[in-house]
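Everything below concerns the one structure shown next.
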Amino acid sequence: MARPARRLRGARGARGVAGWLFVVPALAFYAVFVLRPIALTVQYSLYEWNGIGASTWVGLANYGTVFTDPDLLDSLINAFQLIVFFSVIPVVLGLAIAATIRRIAASRLALVARTVLFLPQVIPLVAAGIAWSWLLASTGVVNQLLSLVGLGGVTRAWLGDFATALPAVGMIGAWVLLGLCTLLLLAGMSKIDPALYEAARLDGAGAWREFVSITVPSLRQEIAVCVTVTVIAALASFDIVYIATQGGPGNTTMVPGLQIFYLAFTEREVGTASALAVVLMLLVIACALPIQWFTKDDNR
């Protein structure tokens, strides 16, 4: 009996080694292109360095700058404000649109709606930013339509006005992420047992009661994914803001990603930029982990 047992352990060990051999290339890639840059960023954040000359150890002084410099703090606040547009609007609207499409799933309109909503995911964000910059310009299509319906008094350069620049950028982000949230939620709705809806109808439940009592609770995991992805997109936003406003007017649309870019490559403050990058990474983790924990389904 000892020999078969040793043979079985040897076979398991061989399979374990083979499994690790498949994993090692991915781990090496992840270590070189993810973990190493993170470690270097943390290291740079402890120094004062212009990216070229000698560096000077400053300890946690760069982190003190991040939390005391009004401009850097404002960029963090702007990123959290964008969560309302990048996350709340796409998820709430996505739920409503997905529920509507589900009810007309057999019609051609549902297929057209899914295609149109997903188009922003196919369009490069740079191209989307340029297109929306034209649409929201003082002579753009949006203002022309407002003037056409008698609302010429509210027209303005939406991306150039201090009061509307950040909401305008947020609406661009909401437009980009709406299709992704809708399709994810639609995929989740397709897994819900139709018998649940039939039983609810037999009990006299209407469409709203079905949505609140069956659809939303059944989409707990999908909503968690949508919220996580969109919150990260808001906090780490860069390309749309850079193309649409470059952080202006003033610093009203400045976000941490753009601030890091300017600090590192324009102002040559690599240490401060690295510290802000580390703070941003920790904020993303601090926002993502509670979302996953609160929406965890113990039954799965």
Which of GLU267, GLU48 comes first, and how do the rest follow, when ranked by fewest Cβ neighbours within 10 Å?
-> GLU267, GLU48
Placed amide H near TYR47: partners under 5 Å, 5+ positions off or other chain = VAL58
Give, in nm to one decimal, the length gained when the segment between PHE211 and LYS191 is fully stretched (0.36 nm per residue of separation minus the Cα-Cα distance).
-> 5.7 nm
How many nm separate the modelled label positions at VAL149 and ASN50, each set 7 Å beyond the Cα in the direction of the Cβ?
-> 5.4 nm
Given a Förster radius of 22 Å and the C-beta distance between VAL122 and ASP239 as r, what FRET efficiency does 1/(1 + (r/R0)^6) yield to the nearest 0.05?
-> 0.90
Note down the nm distance, to one decimal, between modelled labels 7 Å out along Cα→Cβ at ARG220 and at VAL34.
-> 2.7 nm
Spherically averaged projected area in nm², based on the convex hull that wraps the Cα atoms of the chain = 25.6 nm²
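Can you tell me, using C-alpha contacts under 8 Å and at least 6 residues apart, the relative contact order of the chain as a whole percent?
It comes to 29 percent, rounded to a whole number.
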Zone of ALA286's modelled label, taken as backbone nitrogen in the range 64-87 under 18 Å from a point 7 Å along Cα→Cβ = 64-84
What residue among VAL142, THR65, LEU117 has its Cα farthest toward the positive end of the dipole of the chain, where the charges are +1 on Lys, Arg and -1 on Asp, Glu, each on the Cβ?
-> LEU117
Estimated vicinal HN-Hα couplings, Hz - the range 195-209 in sequence order (Karplus 6.51, -1.76, 1.60; Gly, Pro = x) | 5, 5, 5, 5, 5, 5, 5, 5, 7, x, 6, x, 4, 5, 5
Out of GLY153, SER237, THR272, whose Cα points farthest toward the positive end of the dipole of the chain (charges: +1 Lys, Arg; -1 Asp, Glu; placed on Cβ)?
-> SER237
Which whole-angstrom value gives the distance between the alpha carbon centres of the range 247-300 and the range 133-167?
-> 29 Å
Relative contact order (%) - criterion: Cα under 8 Å, at least six apart; region: the range 163-255 | 41 percent
Charge tally in the Cβ shell below 13 Å around PHE261, where Lys, Arg are +1 and Asp, Glu are -1, PHE261 excluded = -2
On full extension of the chain, what length is gained from TRP293 through LEU73, given 0.36 nm per residue of separation minus the C-alpha to C-alpha distance?
-> 76.4 nm
Once both labels are modelled 7 Å past Cα along the beta-carbon direction, what's the LEU109-ALA200 spacing in nm?
-> 2.1 nm
Which order results if LEU76, LEU109 are arranged by neighbouring Cβ count within 10 Å, fewest first?
-> LEU109, LEU76
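Since every read-out is calculated from the coordinates, none of them should be taken as a lab result. This one's a predicted model, so the numbers in the text were calculated from it and none came from an experiment. In this analysis, Cβ positions are derived from the backbone assuming ideal geometry, glycine residues included, and neighbour counts consider all displayed protein chains.
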